[in-house]
Amino acid sequence: MLFRKQVFGLIVAVVAPWALVVPVLGTEAGTVRVLLWFDTEDYLLPADDDATLRLCRLLSNRGIRATFKLVGEKARVLEKRRRSDVIEALRKHDIGYHANFHSVHPAPAEYLAECGWADGVEEFIRREGPGADDVRRILGVPTLSCYGQPGSSWGPQTLAALGRMGIAPQGVPCYVDSGSHVGLGGVPFWYCGALALYKMSPNETRMDLWADGALEKACEGFRSIHGRLQAEGGGLVSIFYHPCEWVHREFWDGVNFRRGANPPREEWKKPPQRTAEETEAAFQRFERYIDFQRSLGGVEFVTAVDLPRLYPDRLRSEGGDLGTVKSVVKALEGASEVGFVALENGVRLSAADQFVLLAEFLRIVYTSGKLPGQVVVPSALGPAEPPPKTEVESLDGRAFRDALLDARDEVFRRRQVPSRVFAGVRKIAPADFLRAMGHAAREAIALAEKDPVVGLPEKVQIPKGTRIAAEKHVAEDTPGLFGGWVIHTEGFRAPRILEMARLQAWTLKPAK
Ligand SMILES: [Zn+2]
């Protein structure tokens with residue numbers, strides 16, 4: 001059970017094609033950043049409070065800040081038990097969020113499985129928002145640095161909801177967890193407008209707290225990742241624990257909420273506890289593991305609150321210039337699928353970014369007759385519904401302009417790529433419309449070279465059957481993906497969540 005986040009789902013090696021063309025970033029080349037995070041969740045066994053306190057202090061004594069993701073009910077019991085010592089010790093670290101009741105049913109994926117997009121976002125905020133408010137109030141912090149789901153209870157709507165739940169340090173919501181629903185082969189990425197540290201293998205590691213020889217094995221594992229990342233010019237390592245692991249024999253929630261069990265609060269049981277000697281030995285082993293990491297060169301401990309600074313999205317702050325538009329137009333040419341665009345200057349564009357960029361670029365061209373120097377590109381979510389089949393072969397210039405202005409208005413007002421673009425009564429799949437915008441932008445740029453006032457194109461071809469390449473980074477629907485977590489019912493599957501997740505592949509892009 002100690003490795004429960006790692007045991008479900010398939011670990012599929014992802015070949016990241018952009019990794020081949022993207023130059024290594026690195027103002028501090030070679031720095032290996034370690035994000036140490038603790039899911040602080042056991043609200044039943046009081047010894048978990050002491051384990052949390054000891055972890056906070058042993059790290060603070062070493063000058064290390066970690067990210068503690070608190071469950072709402074955990075913060076409330078700390079307050080009820082008057083553990084101001086634990087709260088004060090936690091406040092020296094970075095505070096994130098880990099759901100309101102964690103494993104009381106329905107868990108997030110259990111209710112999101114029944115939802116579409118907008119109602120899923122609202123339902124997550126309704127159920128989990130009050131717990132986030134409690135964590136902020138009790139810990140005395142204005143914002144929480146990140147959220148990550150209980151077990152495998154994941155859904156894309158949660159990432160989109162975070163900015164509305166006080167989880168937005170520096171305006172950027174962050175998602176930190178371990179799991180396999182979506183990922184880019186071990187680097188942080190953008191998804192649904194959030195900066196996500198997820199599916200970090202091969203850059204995720206941990207030490208078994210109990211096994212003989214675990215320390216040596218874990219140090220070797222860390223050294224190997226450290227060496228590889230240094231050779232790559234630097235990178236980020238994700239390491240997670242739960243404070244309760246130091247004191248229990250079995251997870252608190254497995255004791256109560258296993259496979260759909262949902263006893264009333266009056267019947268919640270404490271998990272069985274380890275002996276003081278066992279707990280002591282595990283703390284000492286852990287301290288040696290952390291000291292080993294500190295002993296290696298170029299290691300820097302970071303927290304979730306540092307992520308927006310370490311992985312800025314320059315497209316958002318700087319917008320796109322004509323060179324950016326030309327790169328997108330080139331990437332869209334002749335392709336039957338839309339992928340990420342990675343520019344040499346470090347700017348990355350998801351499919352949704354490309355849609356927003358070209359819609360705004362063409363709006364300015366068609367309303368002013370001039371090419372804009374710079375285009376703002378706000379964040380937009382992927383479509384809420386699967387696309388229709390495109391019903392149009394081509395549009396004349398005026399009809400294309402009208403469809404474009406309507407689509408641009410929708411994506412800017414709703415901050416979401418339209419589920420379908422209307423050309424009068426006829427529907428166009430948004431990915432097909434994106435490629436059509438690519439054709440139109442290419443023509444506008446060519447016209448501007450001949451004539452200072454750019455007119456409308458005569459005719460714009462509308463392609464068909466365009467796919468979003470990033471969908472392949474969303475996990476397949478296997479029995480273990482959701483059902484592997486012992487709290488979910490045996491064989492629990494959530495195809496609607498994965499459908500929503502694939503639609504949000506529009507928003508996926510590497511953060512480095
Ligand atoms: Zn948890």
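Looking at region 24-45, can you tell me whether even one residue there is away from the ligand (no atom under 16 Å from the Cβ), in a loop (DSSP other than H, G, I, E, B), acidic (Asp, Glu) and within 28 Å of Val299 (Cα to Cα)? Yes; the residues of region 24-45 include at least one that is away from the ligand (no atom under 16 Å from the Cβ), in a loop (DSSP other than H, G, I, E, B), acidic (Asp, Glu) and within 28 Å of Val299 (Cα to Cα). Among the residues of region 88-99, those that are of a type outside the set (A, V, I, L, M, F, W, C) and within 12 Å of the ligand (Cβ to nearest atom) comprise Gly96, Tyr97, His98.
Contact map, region 218-238: residues that are within 23 Å of Phe189 (Cβ to Cβ) paired with residues that are charged (D, E, K, R) and exposed (fewer than 14 other Cβ atoms within 10 Å of the Cβ), Cβ distance under 8 Å, separation 6+ or inter-chain. Pairs shown: Gly234/Glu28. Please verify whether Leu59 is within 16 Å of the ligand (Cβ to nearest atom), open to solvent by less than 20 Å² (accessible area, probe 1.4 Å) and among the hydrophobic types (A, V, I, L, M, F, W, C), treating the condition exactly as stated. Criteria not met by Leu59. Within region 134-167, the residues that satisfy the criterion of being assigned to a helix (DSSP H, G or I), aliphatic (A, V, I, L, M) and open to solvent by less than 10 Å² (accessible area, probe 1.4 Å) are Val135, Leu139, Leu159, Ala161, Leu162.
Check whether at least one residue in region 269-278 is within 16 Å of the ligand (Cβ to nearest atom) and touching a residue at least 60 places away in the same chain (Cβ under 8 Å), and report yes or no.
To start, the set of residues in region 269-278 that are within 16 Å of the ligand (Cβ to nearest atom) comprises 271.
When the remaining residues are screened for being touching a residue at least 60 places away in the same chain (Cβ under 8 Å), the result is 271.
Yes.
Residues in region 479-509 that are farther than 24 Å from Pro383 by Cα and among the polar types (S, T, N, Q): Thr489 only. Kindly indicate whether any position in region 132-144 is within 16 Å of the ligand (Cβ to nearest atom) and closer than 25 Å to Arg258 by Cβ. Looking for residues that are within 16 Å of the ligand (Cβ to nearest atom) and closer than 25 Å to Arg258 by Cβ, one finds none in region 132-144, hence no. Tell me, which residue of region 66-86 that is away from the ligand (no atom under 16 Å from the Cβ) and either free of Cβ contacts under 8 Å to residues at least 40 places away in the same chain or more than 26 Å from Ala161 (Cβ to Cβ) (or both) is least open to solvent (accessible area, probe 1.4 Å)? Residue satisfying both the conditions and the ranking: Val86.
Against the condition closer than 20 Å to His181 by Cβ, touching a residue at least 12 places away in the same chain (Cβ under 8 Å), surrounded by fewer than 24 Cβ atoms within 10 Å (Cβ to Cβ) and within 16 Å of the ligand (Cβ to nearest atom), how does Glu110 come out, does it pass? Show your work before the answer.
On the way: closer than 20 Å to His181 by Cβ: yes; touching a residue at least 12 places away in the same chain (Cβ under 8 Å): yes; surrounded by fewer than 24 Cβ atoms within 10 Å (Cβ to Cβ): yes; within 16 Å of the ligand (Cβ to nearest atom): yes.
So Glu110 passes the test.
In region 28-56, which residues are touching a Gly at 6+ places or on another chain (Cβ under 6 Å) and either open to solvent by 10 Å² or more (accessible area, probe 1.4 Å) or not aliphatic (A, V, I, L, M) (or both)? Spell out the reasoning first.
Of the residues in region 28-56, the ones touching a Gly at 6+ places or on another chain (Cβ under 6 Å) are 29-32.
Within region 28-56, Ala29, Gly30, Thr31 qualify.
Here Gly131 meets the list (1) open to solvent by less than 10 Å² (accessible area, probe 1.4 Å); (2) touching a Ser or Thr at 6+ places or on another chain (Cβ under 6 Å) almost entirely, failing just condition (2).
For Glu266, are the conditions met, namely being open to solvent by 20 Å² or more (accessible area, probe 1.4 Å) and more than 28 Å from Ile487 (Cα to Cα)? In short, no.
Only one of the numbered conditions (1) within 30 Å of Ala161 (Cα to Cα); (2) more than 16 Å from the ligand (Cβ to nearest atom); (3) touching an Asp or Glu at 6+ places or on another chain (Cβ under 9 Å) is violated by Ala218, and that is (1).
Name every residue in region 113-126 that is open to solvent by 10 Å² or more (accessible area, probe 1.4 Å) and either within 16 Å of the ligand (Cβ to nearest atom) or aromatic (Phe, Trp, Tyr) (or both), in order of residue number. Listed by number, the list holds a single entry, Trp117.
Only a single item in (1) closer than 25 Å to Tyr191 by Cα; (2) part of a strand (DSSP E or B) is not met by Leu395, and it is number (1).
What are the residues in region 363-416 that are at positive phi and either open to solvent by less than 70 Å² (accessible area, probe 1.4 Å) or over 28 Å from the mean Cα position of the chain (by Cα) (or both), if any? Quick ask: steps written out before the conclusion?
Step one: list which residues in region 363-416 are at positive phi, which gives 369, 415.
Residue satisfying the conditions is Gly369 alone.
Screening Val237 with (1) at positive phi; (2) surrounded by 17 or more Cβ atoms within 10 Å (Cβ to Cβ); (3) at pLDDT 95 or above; (4) not hydroxyl-bearing (Ser, Thr, Tyr) gives one miss only, at (1).
The values are calculated or read from the model by the stated rules, or taken from the named source; none is laboratory data. All figures in this text were calculated on a predicted structure; none of them were measured in a lab. FYI the Cβ positions are ideal-geometry reconstructions off the backbone, even for glycines, and counts take in every protein chain you see. Note: accessible area is taken over every heavy atom of the protein model, side chains too, but ligands, DNA and RNA are not part of it. Shrake-Rupley method; radii C 1.70, N 1.55, O 1.52, S 1.80 Å.
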